[in-house]
Amino acid sequence: MLKTSRHFLAIMNIKYSPFALFCLLGTACSESPSSETSAVNAPVASDATASATDSKATYRILDLTKNEDAGKLNVDVLLSKKVDETQLKQLGLRIKDSIGSYQKNYLFFYLNGMKVGSGAWATANYTPDEEIRVLGATQAEEDSSKSKLRVDGKVLGKWYDEQRSNSGLAFYEKDGKCFLKRVYKGGTPITTRFVRTGNTFKPKEDTGLGEYFVVQEDGTLGFVNDEGKVFGQAFPIK
């Protein structure tokens, strides 16, 4: 297994201080800490983490953007773990009510390690009609993808990409050859030949895109474009 270490990804573009945002949640913060949607005062995204055994999810407001003239409010929210649509609906209403309702309210939910503004895991919109959508993979879909990453060979590493493709990835070697096994949300495994050079993995066949993968120093799997720039990352599966 390739060496990995605990990743750290700070959420960027936070316009409000942690204390100010914490105070905005007066209603939610007054609840018991065991409440399903209680707020946590985490300074960065990776601090709002719930263990796999936790039955309750916590959240933190990352950013508020108001447009008074348009009666519009955008809210970026960090969830400690995935929830189902019923819980998401309850959470959305609670956050909306705790902040103050506008004519149009747009809530964007992110998970640990996701970059704000590059695609939310779920949304809750009130315009004023309510619309709840899970855009990424549910917990069941994620678990299904990961369970299909078993390989017949020497495992080099396994990762899960939440934000860009909702897919599990496993690099492995067999008979002196390198392969990538990838499973997208709700899909069947796809296996492709790759060429490994150290921590760099490039497709054996030219795809015309020039994209490849690199295992970075923090253990994440970087998605690299033809200019050598990392445009996405998948996190190690523990």
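Since every read-out is calculated from the coordinates, none of them should be taken as a lab result. Remember, predicted model here, so these are calculated numbers, not experimental data. Cβ atoms come from the backbone with ideal geometry, glycine included; neighbour counts cover every protein chain shown.
Summary table below
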| quantity | calculated |
| --- | --- |
| Positive-end residue, segment 103-205 charge dipole about Cα centroid, Cβ charges, pick of Tyr172, Gly113, Ala137 | Tyr172 |
| For peptides 85-91, 120-126, sequence by mean Cβ density within 10 Å, most packed first | 120-126, 85-91 |
| Net charge of neighbours whose Cβ lies under 10 Å from the Cβ of Thr127, counting Lys and Arg as +1 and Asp and Glu as -1 | -1 |
| Label point distance in nm, Asn225-Asn125, each placed 7 Å from Cα along Cα→Cβ | 2.7 nm |
| Segment 172-204: trypsin sites (Lys or Arg not before Pro) in DSSP coil with no more than 14 other Cβ atoms inside 10 Å | Lys204 |
| Thr188 versus Lys146: modelled label distance in nm, points set 7 Å from Cα along the beta carbon direction | 2.5 nm |
| More than 17 Å apart - percent of Cα-Cα pairs taken over segment 140-236 | 48 percent |
| Packing-based exposure ordering (other Cβ within 10 Å, fewest first) of Glu227, Glu173 | Glu227, Glu173 |
| Computed E for Lys154/Lys238 - FRET, C-beta separation, R0 25 angstrom, nearest 0.05 | 0.85 |
| Peptide ranges 213-222, 93-102 listed from the most packed, as the mean C-beta count within 10 angstrom indicates | 213-222, 93-102 |
| Rounded Å value of the spacing that divides the Cα centres of segment 180-208 and segment 99-130 | 33 Å |
| Charge dipole magnitude, Cβ of K and R +1, D and E -1 - segment 84-238, Cα centre, debye nearest 20 | 440 debye |
